[in-house]
Each structure stands twice: as structure tokens, then as C-alpha cells.
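The values are calculated or read from the model by the stated rules, or taken from the named source; none is laboratory data. Everything numeric in this text was worked out from a predicted model, so none of it was measured. We place every Cβ from the backbone using ideal geometry, glycine too, and count neighbours over all the protein chains shown.
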Amino acid sequence: MLEAVESKMREYIAELENDEVAKLFEALPHGKRLRAKLVLKVAKSDDRAVVLAAVIEMIHAASLLHDDVIDDAMTRRGVPSMNATEGSKQAIMMGDILYSKGFEELTAFERKIASTVARAVTQLSIGELMDVRLSDRFNPDVAAYMRMIYQKTAALIEATAASAALLAGKDEKIYGIYGKNLGIAFQIIDDILDITQTSERLGKPAMHDFEEGKTTLPYIYLYESLDETAKERLVSLHRKPLTDEERAWITGMMEETGALRRAYLYAKELGEEAVALMEGEGETSLAEIVTAMIEREF
């Protein structure tokens with residue numbers, strides 16, 4: 001069924017009748033297609049599931065193009081980003097095209113489904129803005145971080161599961177909570193992997209988040225556990241290129257204070273809640289998605 005989603009997206013791009021757009025679209029890395037998988041698993045009995053999955057994946061791809069420009073990211077999923085190869089202007093405009101075409105096709109769905117997805121995209125954009133603002137300085141506020149990752153990452157996954165449930169005549173609130181928990185846990189695990197995995201496995205430089213100004217949950221938990229001298233050192237390293245010695249110090253302190261473990265356990269707790277919800281609905285495959293995400297090594 002994922003092949004049908006890919007085919008549908010290509011069909012939408014072909015409708016634009018522009019060779020440059022088609023070429024740029026084909027150059028985009030596909031990723032895990034998590035959102036498409038969720039739609040297909042939740043609304044598998046509905047013929048429109050492929051269309052909804054394609055629309056949401058196009059919207060997600062647009063957000064990544066904009067995100068890479070905002071972050072000055074030179075790679076995406078281990079390959080050069082579009083802004084690195086084609087320039088920021090091309091990446092932004094391609095993102096705009098994908099957003100616009102996605103919303104055009106979204107209007108074919110009933111209002112409740114369309115508004116569920118559209119509201120999430122508004123939240124995604126606000127989350128991007130808050131991510132930029134929070135990156136100006138070291139952020140020790142857990143609540144601000146959690147609010148931002150809900151908006152930037154989890155809101156669209158929440159809407160994906162909820163809109164698919166609406167399509168299939170299922171309880172959108174239960175599936176929405178599942179998607180929200182999955183999205184938040186997914187982002188926290190990504191934040192952990194940015195610290196623990198090698199650049200080769202990540203497809204981007206390790207600890208890149210911290211160097212570019214992001215204070216993710218493990219760093220906030222670490223800050224809370226340090227004495228004043230160590231806190232000052234951690235804050236002084238924020239938003240600057242790290243030496244090998246500085247990376248080693250951060251990693252060592254993460255392990256010593258249990259900050260990484262604490263962040264992982266919180267993500268695991270959210271994941272277990274999502275698993276319990278889906279098991280209660282008899283959705284074994286949706287429960288397995290959460291388990292695989294929590295246990296992944298990227």
C-alpha cells in the first residue's frame with residue numbers, strides 16, 4: 001500500500017505539469033513514511049486512505065524543506081538537503097508547492113477531516129517559530145520544550161491518526177491521543193539519539209542539535225542535575241562548535257547524572273500509554289509501531 005501512496009504523490013506532482021518541480025520532488029529522500037503507515041493501518045478499509053496518506057506526507061515533506069532552511073541543515077537522512085544542493089530559495093518554494101498542492105487535495109475530504117489536518121499544520125508552523133525563539137539561548141524550561149515539540153512534531157502525527165480514524169468511523173479522540181503520545185515520544189527519542197549515536201548512523205553531525213542552539217530534554221534534565229559550576233560550563237557550550245573533549249564531557253555527565261535515562265523513561269512511559277490504547281482497540285500493528293520506535297537505534 002505504501003507503493004500506492006508514492007504513486008499518488010507522483011500523480012499529484014505530474015498534475016502540476018512542471019518538469020522542474022517533478023525533478024525536485026524525485027530528489028527528495030523518502031524517509032520512514034510513518035504518517036502514511038498510520039493512515040493505512042487506521043483506515044485500511046477506506047478507499048480514500050491512500051489519498052489522505054499522500055496528502056499528509058506531502059505536507060510533512062514541505063515542513064522538512066522549510067525546517068532545513070531554518071536550521072541551515074546541509075544533510076537530510078544522510079544525503080545532502082535540497083537547500084544545500086539547490087539553494088534556500090528553491091527549497092522554500094518547493095515546500096510552498098507541496099503545502100499548496102497538499103491543501104488543494106485536502107479540500108476533497110469532509111470538513112472535519114480537513115480541519116483536523118489544517119489545524120495541525122498551523123500548530124506545526126507555530127512550533128517552528130517557537131523552536132527558533134527557544135534556540136536563541138539555553139532553555140532550562142521543560143514545559144516550554146514540551147509545548148514546542150508537541151506543536152512542531154506531535155500535532156501532525158496526532159492529526160494523522162485522528163483524521164484516519166474519522167475516515168474509518170473510529171473514535172478520533174482515542175486515536176488522536178495515541179498519535180500525540182507517539183509524536184512526543186518519537187521526538188524525545190530523536191533528541192536522545194542526537195547525543196548517543198555516531199554521525200554516520202544519524203545522517204547528520206552528532207550533537208548537532210545543541211550546537212545549533214536547541215536545548216532538548218536530555219540537556220534540560222542534565223542542567224537540573226548539575227552544580228552551579230557545571231551548569232555554567234554546560235551553558236557556555238551551548239550554540240558553539242564542540243571539541244571532542246567537550247563532547248566527551250557532555251556524554252559522560254549525561255550518563256553520570258542519569259539525564260539520558262530519565263528522558264528515555266519518560267518517552268517510554270508515553271509510548272506504553274499509546275500501546276495500551278491501541279491494544280484496547282485491538283490494533284496490534286499500531287501498538288508495534290510505538291514499540292519499534294522506542295527501541296530503535298536509528
Legend entry - Among (1) within 30 Å of Arg111 (Cβ to Cβ); (2) surrounded by fewer than 17 Cβ atoms within 10 Å (Cβ to Cβ) - the single one Val235 does not satisfy: (1)
Inset, instruction - Identify all residues within region 1-19 that are surrounded by 13 or more Cβ atoms within 10 Å (Cβ to Cβ) and either more than 21 Å from Leu34 (Cα to Cα) or not charged (D, E, K, R) (or both); write none if there are none. - result: Met1, Leu2, Ala4, Val5, Met9, Tyr12, Ile13, Leu16, Asn18
Legend entry - Hits in region 188-227 (condition: modelled with pLDDT of 95 or more and hydroxyl-bearing (Ser, Thr, Tyr)): Thr215, Thr216, Tyr219, Tyr221, Tyr223, Ser225
Inset, instruction - Could you please find all residues in region 71-91 being surrounded by fewer than 13 Cβ atoms within 10 Å (Cβ to Cβ) and charged (D, E, K, R)? - result: Asp72, Lys89
Legend entry - In region 126-153, the residues that are under 14 Å from His66 (Cβ atoms) and in contact (Cβ under 8 Å) with a residue 40 or more places away in the chain: Glu128, Asp131, Val132
Legend entry - Hits in region 111-137 (condition: buried (at least 20 other Cβ atoms within 10 Å of the Cβ) and among the hydrophobic types (A, V, I, L, M, F, W, C)): Ile113, Val117, Ala120, Val121, Leu124
